[in-house]
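This report refers to the structure that appears directly beneath it.
The values are calculated or read from the model by the stated rules, or taken from the named source; none is laboratory data. These figures come from a predicted structure and were not determined experimentally. Neighbour counts are summed over all protein chains in view; Cβ atoms, including those assigned to glycine, are modelled from backbone coordinates with ideal geometry.
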Amino acid sequence: MKPKSYPVILLSALPDLASAEELADALVGAHLAACVNIFPEMRSVYFWQGEIVREKEVKIFVKTSSEVSAAAIAFIKARHPYSVPEITTIGQSGGVDMHPDYWAWLSAYVGSAAKTR
């Protein structure tokens with residue numbers, strides 16, 4: 001019996017809008033996400049290579065399913081421009097609530113390319 005899938009949200013920061021849009025298009029095109037929200041121009045402060053860095057970044061919210069979340073994470077990691085990308089997972093063990101109509105739409109799309117093969 002196939003386990004029930006549930007919503008997963010992946011967060012990542014990218015250096016610019018072009019790289020965020022490219023990754024978002026690729027994720028949705030590969031059916032690894034049904035929707036990616038792009039939040040342009042946020043300010044990040046972080047510690048890197050011995051110093052505090054302040055930079056503009058772009059945040060993405062990747063809406064996916066537990067059914068393909070591991071593949072989506074690997075996909076992001078392989079295509080991310082940073083050597084150590086942020087990939088934060090919300091709901092990997094459950095616990096993310098989505099409106100049932102939205103979840104039905106999302107789960108029908110995510111992984112659907114693989115389901116038809």
Filter the range 43-58 for residues that are out of contact with any Phe, Trp or Tyr (no Cβ under 9 Å at 6 or more places or on another chain) and more than 17 Å from Ser12 (Cα to Cα); the one that is modelled with the highest pLDDT is Glu51
All positions within the range 16-55 that are part of a strand (DSSP E or B), under 17 Å from Ser83 (Cα atoms) and touching a residue at least 12 places away in the same chain (Cβ under 8 Å): Ser44, Glu55
Any residue at all in the range 21-42 that is more than 29 Å from Pro100 (Cβ to Cβ), charged (D, E, K, R), under 16 Å from the mean Cα position of the chain (by Cα) and modelled with pLDDT of 95 or more? yes
Look through Ser83, Ser69, Ser112, Ser93 and report the one residue that is under 17 Å from Leu23 (Cβ atoms), surrounded by fewer than 16 Cβ atoms within 10 Å (Cβ to Cβ) and either modelled with pLDDT under 90 or among the small types (Gly, Ala, Ser) (or both). Ser83
